[in-house]
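Worksheet: the structure to be examined is printed underneath.
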C-alpha cells in the first residue's frame, strides 16, 4: 500500500529514514531526539520540554523570529513537541522548499543560543502553559494517578514538570542538557514526501554531515518494581463532575505482549486514529466500554488507552461520571468489563473488527506525509521503524486466548492505581 | 499551477433534482474517501430561549435514522472501519463520513437517512441530553467559555444569535423537548445542502449512488432563509469580569465587530488579521505578549468572517496577576497597527504564506473536501484556487491598513476576563 522506508546512516551516527510519496507536491521533515521526561533527574523535571521551547529562540545565523518567518514565507507549517520518551520537531513544506527544513534542523541541533534573557522570558511562558493545564480537573487527577503508579521510574512526573523546578532551573542546566542529548547520534531524521531520494540525501549530507558525533548518553537505569497491591487516590477540588481513572502497570512496546494488549485496548474502545493530529475514523461507539458505560448512562464519556512506550507504562481506563451517578459505580462498571474478558475472552468477530479498523486507520493516516513521518519516527524512537510495516501482521497474529491471557496477567488488582476526582462544593457557577 | 489546484478546478459539480449540490473530486492517492457536507441551518435559526437546539438536533441525527437504530448505525459502520457523524453549528449543520472506498455507498445511505429520516427516539434523546448536560457543566467551568460568553453578550444585542454560544446553557438544554427537535429538523432542506466527496472514486459512479441516497431526499416547501438582526455599532469600551474560583489561569478576550466573508474588505482584513495575530507564533500579538514579555503560552487573533459579521478578536491565557499588563499589550499592538499599518515585509510574508501553503491544505481528502465546501458556501467558483494567488497578490499594504483602521479600535471594543477572583493583597 505504501512505499517502503529506506534507512541511511551518516558517519556521525545520524540515522536518516526516507519514504518517497508522490501523491501531492508536499514534503515533511522531522527530527527526533531520544530524550523526554523519562530522562530527567529529580529537581530538573520539565527540562526536556523547556529545551524544546528554546530551540525556537534562535541561533547566530537565524535569530529568534526568523525561523517562523522563513517557514511562513515558504508556505510551510512547523511545530515541536515533547513526550515522555522523545522530543520531535517538524516542518511540512511545498516539496521544492524542503531544503529549508534541513537547514533549520541541522543549525539548531548544535547552534541554539539559550540567550539568558530568552530563558527567563520562556520560564514564564512555560509556567503559563502549566497553569493553563491546571485549570482542568482531569489534569490534577491524571498527575496524582501517575505519581502513584511510578515510585521509582521517572514516568512518575508530568512532561510539563513541577512548578518548583520550573522556577529554579538555570540557563546553564538547560544548556548542558541540550548538549548532552542533541547530537546526531541521538537523533533520527525522517523525510517523507515528493522528492528523489538520492538528490535529497546529498543535501542531508551537506547539512548534517559536518556535525560532530556526541558522547555516549547517560542511561535511564530505573526499573519500576512489581506493584504489591492496589493503591487509591481521591482528589477533591472545585470541578464540574466526578472523574474516574484506573491505571495498570503494563509492558512496553517491545514486549511480545504489546500486540495482545493493543488488541484488548481496541476491543474495549475501538482502534484509534494513529495520528494525534486527528483525521481518522471514530470507532469507539460500538466497542465494549462505550456500550457498558455511556449507553447505560453511567458516564458521559468513557474509554481505555494503551500507547507504545520505551519502558513499561500504563494501560488505563477513564470515565467522566454523569450527573446523579457516582465514581464508585462507574469504577465498578469499568472493572466488570475487564473481568468479563478475563473470564470469557473475546469473540472472533471482535478480533476481525479490530483488524479491519486498524487497516482503515492506516489507510487514512497515509493520506498525509506528515502523519506517515510521525509514525515512522515514533516507532524508531521506541524500537524500530520496521514496526510501522510489521504491526498489522503482529496484530493479525493475536488470538482470543492471547487477549484473555494478557487481561488476566496485567489488569490485576495489585497492579492498579484507582483515582477519583470529587468536586468540592465551593465552586462559583461563574454567572 | 500545481496538479491539486487543477484538480479542484476540474471537480464535478452536480445539482440533484431536489436542489442538493454535490462536489466530487477524484484523488487516487489512497484507497479512502471523505464525505463532508453542510445544511445551511444552524444556531442562527434558533431563539434565545431555545439556545442549543441546533447543536442538540444535529447531534441527535445519528441516534436513529431510517430503519436503523443508533446501535445499528455505529455497529455497521465501525465494523468496517468507517465513521459517520453530524453536529449543529452556528450557521450550518455539518455532517461527515470517512470510509475505505468500497464502503462509500454504505455511508452515503446512512448519512442520507440521518438528514432526511432521523427518528429521534425518545430514550436516545434523553441519553444524549444527559451527555450534553455533563459536557455543558464541564465547559461552563472553563475560563475560555465564560470569557467568550461574556464577550459575545457585550458585542451583540440579545436578539442576535451571535450574542450566544451555540452549545446553549444548562437551563435551555434541559427545557428542550423532542418535539422541538422534530420541528427544527423541518428546516433542513436538500436545496440548502452541499456535500463534497473526495477520494479514489469515479464521479459518474458517485452521482449514481447519490441519486438513490441524498438525491432522493424530497424537498418540502422552500429552503429556509436567514435574516440576521441589525448590530448597533459599539460606542465605548465595554468590560466584563467573570470571577471563577478554583481556577489557576485567566482567559482574556478582546473583540470588535468584523465583517462578512463576502465583504469587499474581506481579503485586506484577513491579511491584517494574519499580521496582527497569526503569522509565526501569533503575529505581532504573540511577539509582544509571548515572546517579548513571556506572559502567555497562547496569544493570537481571529477573524470570524462568515455569512454574517462575526467577531474580530484577540485572546490570551495569562496568570491573574498579569491580566492588566496583557490587556495593555494587546491594546498597544492594536493601536500601533491601526496607526502605522503593516510593513512591506509583513505584507510580503503574509502573501507568501497564504499562497505557498495552499498545497498543504489540499493534501488530504478531508482538506480538499473542506476547500470545496467553502467554495460553494461563498460562491467563489471552482477556479477559486487557481485565482487565489492573484487575489492575494493584488491586496496592497494600504488596503490592509485601511481595513485595520475601519474595523479595529482601541476606544470602541469589548473586553471579557474570566478567571480566579482578583486578590486584594
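The table that follows gives values for the structure above.
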item	result
Between segment B:41-80 and segment B:279-329, the alpha-carbon center distance in angstrom	35 Å
Calculated diffusion of segment B:303-404, Stokes-Einstein form, Kirkwood radius summed over Cα pairs, 4 °C and 1.567 mPa s, µm²/s	79 µm²/s
Packing-based ranking, highest mean first, of B:201-207, A:35-41 given that Cβ atoms within 10 Å are counted	A:35-41, B:201-207
Evaluated over segment A:231-423, the Cα radius of gyration and Dmax, each in Å	16.8, 49
Ranked packing of B:411-417, A:172-178, most packed first, by mean Cβ within 10 Å	B:411-417, A:172-178
Shape of chain B, Cα gyration tensor, a/c cut at 1.5	oblate
Residues A:309, A:9, A:87, B:209, sorted so that the one with the fewest Cβ neighbours within 10 Å comes first	A:9, B:209, A:309, A:87
Averaged over B:237-249, number of beta-carbon atoms from partner chains that fall within 10 Å	4
Cβ-based exposure ranking for A:57, A:340, A:291, in which fewest neighbours within 10 Å come first	A:340, A:291, A:57
Relative contact order computed over chain A (Cα-Cα under 8 Å; 6+ residues apart), in percent	22 percent
Chain A: angle of helix A:387-396 to the longest principal axis, Cα-based, in degrees nearest 10	20 degrees
Whole-number percent relative contact order across segment B:74-127, with pairs defined as alpha carbons under 8 Å at least 6 apart	27 percent
Folded to 0 to 90 degrees: helix A:400-410 orientation relative to chain A principal axis, Cα	90 degrees
Cα centroid separation - segment A:138-170 against segment B:194-227, whole Å	51 Å
Calculated P(r) of segment B:237-419 - Cα pairs past 19 Å, %	60 percent
P(r) of segment A:266-315 over all Cα-Cα pairs, binned every 5 Å from zero, in whole percent	5, 20, 23, 23, 17, 10, 3, 0
Semi-axis lengths, Å, segment B:350-404, gyration tensor of Cα atoms, sqrt of 5 times eigenvalues	23, 14, 10
Projected area averaged over orientations for segment A:6-208, convex hull of C-alpha atoms, nm²	12.3 nm²
Peptide-level mean, for B:77-88, of C-beta atoms on other protein chains within 10 Å	6
With Cα atoms, 0 to 90° folded angle of helix B:365-377 axis to chain B main axis	80 degrees
Segment A:231-423: relative contact order as a whole-number percent, Cα under 8 Å and 6+ apart	39 percent
Packing-based ranking, highest mean first, of B:272-279, B:73-80, A:406-413 given that Cβ atoms within 10 Å are counted	B:272-279, B:73-80, A:406-413
Segment B:3-216, Rg to Rh (Cα coordinates; Rh as Kirkwood inverse mean 1/r)	1.01
Ranked B:254, A:83, criterion: other C-beta atoms within 10 Å, fewest first	A:83, B:254
FRET E, pair residue A:399, residue A:217, Förster distance 51 Å, beta-carbon r, rounded to 0.05	0.85
Separation of alpha-carbon centers, segment A:360-388 and segment B:81-140, rounded to whole Å	29 Å
Whole-Å semi-axes of the ellipsoid equivalent to segment A:12-99 (Cα gyration tensor, √5λ, descending)	26, 18, 11
Calculated FRET value between residue A:206 and residue A:120, using beta carbons and R₀ = 45 Å, to 0.05	0.80
Average projection area in nm² (convex hull over Cα atoms of the protein assembly as shown, one quarter of hull surface)	33.3 nm²
Per-residue average of Cβ from other chains inside 10 Å of A:257-263	0
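Bear in mind that the values in this text are calculations on the coordinates, not laboratory data. Not measured: the values here are computed from a predicted model. Neighbour counts are summed over all protein chains in view; Cβ atoms, including those assigned to glycine, are modelled from backbone coordinates with ideal geometry.
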